[in-house]
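Contents: one structure, followed by commentary.
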Amino acid sequence: MKKIKKICVLTGAGVSAESGIATFRGAGGLWEGHDIMEVASPQGWHRNPELVLEFYNQRRRAMKNVVPNKAHYTIAEIEKNFEVVVITQNIDDLHERGGSTRVIHLHGELNKVRSVLNGHEIYDWPGDLHLGDLCPEGSQLRPHIVWFGEMVPMLEPAIREMNNADCVLIVGTSMQVYPAASLTAYAPGNIPICYVDPNPQINYELSRANRLKIFKGPATVEVPRAFEYIQSLP
Ligand code: BJW
C-alpha cells in the first residue's frame, strides 16, 4: 500500500453545522421554507434579484457572527503531517479562518461578488450587495455563488487534486449535488476514503469505493477520530 502523503478533504454544510450555520436539506435546513429555484438559480435571479440579494445579504451578515469549530481546526492541523487540499462546497470562510491554507470553493464564496456579464471579474465584498452596485465596467454585480444549472468553474482544479490524492476525507455532505458528489470517482481506486457524517448517504460513486470507512456522528467528534485512523494507516 502506498504511504499517505496527500489528503483531499471534501466538505459540505455539515462541517459548519456545529458553528451554527444551517445545512440545506432536511428538517430545519436552509431550503425549508424556500423554493430552492427562487434563491439559487439564474432563473430566480432574473425573476426577483432583490429577493436573491437579500437572501445572500442575510447569510453574509450571519457568517460574521460564527466562528470555526473543532472540525475546521482539526482539518487545518492535518497540514502539519500531510499535504492537504480542502475542496469545499461551502460558501462560508470557516476553513480559512480555521487555518487551512489551500481551499478550493466549488460553489463560490459568500464574501465575493462578480459581474453578471463577465464571470471572471470577481471582487471581495464584505458588506451588503444591492441592485445598482456595479463593476468598474458598469455591469450589475451578483453574488459569487454557483447556482443550480450553472457550470462549476473550480471543478477542473478539484479533479486534478483528486487525481493525486492518497486518501480522501469527506465531511458533512449529503453527496447529492453533482458534480461535487462525483469527485471521489477521480481519486485512485485503491485509496482509503473516510466519510464523517451523522447520516451518511452512499451515492453511486461511493458504492464503488474499495476502501470506504464510515465515521457516523458529528464532525467535531468524528473528524479527530478519522484523523487518528488515517495516521494509523501503514
Ligand atoms: C453533519 C452535521 C454535523 C449535519 N457534522 N455532518 C439530476 C441528476 C443529477 C444531477 C442533476 C439533476 N438535475 C440537475 C442536476 C445538476 C445539479 C444537481 O446536482 N442537482 C441535484 C440536487 C440533483 N447540479 C448543478 O446544477 C450544478 N451545476 C451543474 O451541474 O452544471 C453542469 C452544467 C452542464 C451543462 C450546462 C450547465 C450546467 C451546480 C450545483 C450548485 C449547487 N449550489 C448550492 C447552492 C449555492 C450555495 C449556497 O447558496 O449556499 O450549493 S445547492 C447546495 O447544495 C449548496 C451546497 O454546497 C450543496 C451541497 O449540499 P451539502 O453541503 O451536501 O448540504 P446538505 O444539507 O445536503 O447535507 C448536509 C450534510 O451534513 C448531511 O449529510 C447531514 O447529515 C450532515 N450533517 N450535521 C457532520 N454536525
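The values are calculated or read from the model by the stated rules, or taken from the named source; none is laboratory data. None of these values were measured; they are calculated from a predicted model. So basically every Cβ, Gly included, is an ideal-geometry build from the backbone, and we count neighbours across all protein chains shown.
Out of the residues in segment 84-97 that are within 15 Å of Gly12 (Cα to Cα) and of a type in the set (Val, Ile, Thr), state the one that is surrounded by the most Cβ atoms within 10 Å (Cβ to Cβ).
Ranking the qualifying residues of segment 84-97, first place goes to Thr88.
What tally of residues in segment 98-128 results from selecting those that are surrounded by fewer than 19 Cβ atoms within 10 Å (Cβ to Cβ) and out of contact with any His (no Cβ under 9 Å at 6 or more places or on another chain)?
Number of matching residues: 12.
Among Gly217, Gly189, Gly149, which is at positive phi, without any contact (Cβ under 8 Å) to a residue 24 or more places away in the chain and assigned to a loop (DSSP other than H, G, I, E, B)?
Gly217
Just to verify a result, which residue in segment 16-68, among those that are aromatic (Phe, Trp, Tyr) and either away from the ligand (no atom under 11 Å from the Cβ) or not in a loop (DSSP other than H, G, I, E, B) (or both), is farthest from Leu110 (Cα to Cα)?
Trp45
Kindly indicate whether any position in segment 164-178 is within 13 Å of the ligand (Cβ to nearest atom), out of contact with any strand residue (DSSP E or B) (no Cβ under 9 Å at 6 or more places or on another chain), in a loop (DSSP other than H, G, I, E, B) and of a type in the set (S, T, N, Q).
Yes - at least one qualifying residue is present in segment 164-178.
Restricted to segment 30-40, and to residues that are in contact with a helix residue (DSSP H, G or I) (Cβ under 9 Å, 6 or more places away or on another chain) and not hydrophobic (A, V, I, L, M, F, W, C), which residue is modelled with the lowest pLDDT?
His34
For segment 143-160, enumerate the residues that are buried (at least 21 other Cβ atoms within 10 Å of the Cβ) and either under 21 Å from Ile4 (Cα atoms) or away from the ligand (no atom under 12 Å from the Cβ) (or both).
Ala158
Identify all residues within segment 179-199 that are near the ligand (Cβ under 9 Å from one of its atoms) and either crowded, with 18+ Cβ neighbours inside 10 Å or farther than 22 Å from Arg25 by Cβ (or both); write none if there are none.
Ala180, Ala181, Val196, Asp197
In contact with a Lys or Arg (Cβ under 8 Å, 6 or more places away or on another chain), of a type outside the set (Asp, Glu), closer than 19 Å to Ala22 by Cα and in contact (Cβ under 8 Å) with a residue 40 or more places away in the chain - does that describe any residue in segment 163-170?
No, that holds for no residue.
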